Amino acid sequence: MAALPRLLQVTDEAGARRELLRIGVDPAGVARMADKMVGRLVKLVDVSCPAANILKQEMLSLGGDAAVARGSVACSLPTTDVLLIGSLKQLRLLVERLGRQPFGLREQADRIGVLLQRLEHPPTFLCGRGLRLELDRPRIMGILNVTPDSFSDGGRYRSLPAALERAREMERDGVDLIDVGGESTRPGAPVVSSQEEIDRVVPVVEALGREISCPISVDTSKSAVARAALAAGAHFINDVSGLHFDPPLAEAVAQAGAGLFLMHTRGAAATMQADTAYRDLTGEILEYLQVGITRAEAAGIPLDRLAVDPGIGFGKNASGNLEILRRLGEFRALGRPILLGTSRKSFIGKILDQPEPARRLYGTLATVVLGVREGAMIHRVHEVAPAREAALMAWAVHGGGVATETL
């Protein structure tokens, strides 16, 4: 019986090389063909029509294509977005050719080149205050809310003994990083003063520093709280506003030599769900996060201390959250590690008809697995042990870090 044709799913150059070697291709041939097998679809925004026409001509000459808006060829529009359609090899050749072109295409070539580099070589570590978190496997960030009103576990760990016991439990379960929160950021949550947040968080951070070996993050958007938490021993700050609420927070992080997680949201907790419509959801989130990265670097925070979070559930409806999960890999364009926080969130409850947050574990684990596949290397969760096992299993299937031939 004749064997059926097969569809191969090759998403990166390393995978292409494995398939070529599997059929016995000569090493020189592997080097020539691997990047031809990897497809890339690159979007450029607000390109002048003369530049867009050159891009289309160059891509066609290379065997690829470029999609532009109707009217671009006649230059009846001021600008157009451009979709470059081609293989990794074609796009690399395009970058070489554009270096000799006018209309800002040399600068565009540099940006495309950076993007391709980031997609093929994602970050392998993230630095915090006095430490380096290796990203040789997915890392689990455990949630420790010391608040009275968080959506899932408000009040459970408000006392210092309860918070410490919960941290010890997470450490036993293999947590890589503990995220302490002193103000609920659930939709509709009231604002807490800086002093009240400091009073909740600082004693816990100090105690964790004495008794827990893993790094500590503090979930806050207030510069005063960040300074107090970092002075108490925190290694990272997790800013749900991505430096949009209180920009001086960046200076506090820079002065302490700490790491910073930059998240996307739309408005404060009390109002963020009032408007969940976007013209271009991932595009707008990318732009927002890039602003945060720029502000962080301007304050003196090195790039290797920054990670990004698309902000699942923050100013998004259920369909928006699903779109982010489907297109999570697009956030690799920022060149920073991706933090994914889906744990127990309401969109999971809506999809699974599960109103009780604590019963949304299985839905959460599905998003962790999908997140690993799309490149998320840090996962913020309530249940550490199940999430860790799901992430490591997904990582092994995806081909990261486990020598499967020895299993």
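Quick look at the values:
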{"item": "Cysteines, the chain, no other Cys beta-carbon under 4.7 Å", "result": "CYS127, CYS214"}
{"item": "The chain: relative contact order in percent, alpha carbon pairs under 8 Å with at least 6 residues between", "result": "13 percent"}
{"item": "Candidate residues LYS89, LYS345, LYS316: accessible-area rank, largest first, probe 1.4 Å", "result": "LYS89, LYS345, LYS316"}
{"item": "Relative contact order %, segment 70-160, counting alpha carbon pairs below 8 Å whose residues are six or more apart", "result": "12 percent"}
{"item": "Segment 1-148: C-alpha gyration tensor shape, a/c 1.5 cut-off, then a/b vs b/c", "result": "oblate"}
{"item": "Computed accessible area, ASP173, all protein chains, 1.4 angstrom probe, square angstrom", "result": "60 Å²"}
{"item": "Share antiparallel - DSSP beta bridges, the chain, percent rounded to 5", "result": "35 percent"}
{"item": "Theoretical ellipticity at 222 nm over the chain - DSSP helices of four or more residues, -39500 (n - 2.57) apiece, nearest 500", "result": "-12500 deg cm²/dmol"}
{"item": "Value of relative contact order over segment 337-407, rounded to a whole percent, pairs C-alpha under 8 Å and six or more apart", "result": "34 percent"}
{"item": "log10 of Debye I(q)/I(0), alpha-carbon scatterers only, for the chain at 0.08, 0.14 Å⁻¹", "result": "-0.48, -1.26"}
{"item": "Rounded percent of accessible protein surface that carbon and sulfur make up, the chain, 1.4 Å probe", "result": "54 percent"}
{"item": "Accessible area of segment 116-224 divided out per residue, in Å², using a probe of 1.4 angstrom", "result": "41 Å²"}
{"item": "Whole-Å distance, taken between Cα centres, linking segment 232-301 and segment 62-109", "result": "32 Å"}
{"item": "Heavy atoms of VAL369 accessible to a 1.4 Å probe, total area in Å² rounded to 10", "result": "60 Å²"}
{"item": "Test item: Cα-centred dipole of segment 29-71, Lys/Arg +1 and Asp/Glu -1 on Cβ, debye", "result": "100 debye"}
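The values are calculated or read from the model by the stated rules, or taken from the named source; none is laboratory data. Owing to the predicted nature of the structure, the values given are computational and were not obtained by experimental measurement. Note: ideal-geometry Cβ built from the backbone for every residue, glycine included; neighbour counts use all protein chains shown. Ligands, DNA and RNA are excluded from the accessible area calculation, which covers all protein heavy atoms including side chains. Shrake-Rupley method; radii C 1.70, N 1.55, O 1.52, S 1.80 Å.
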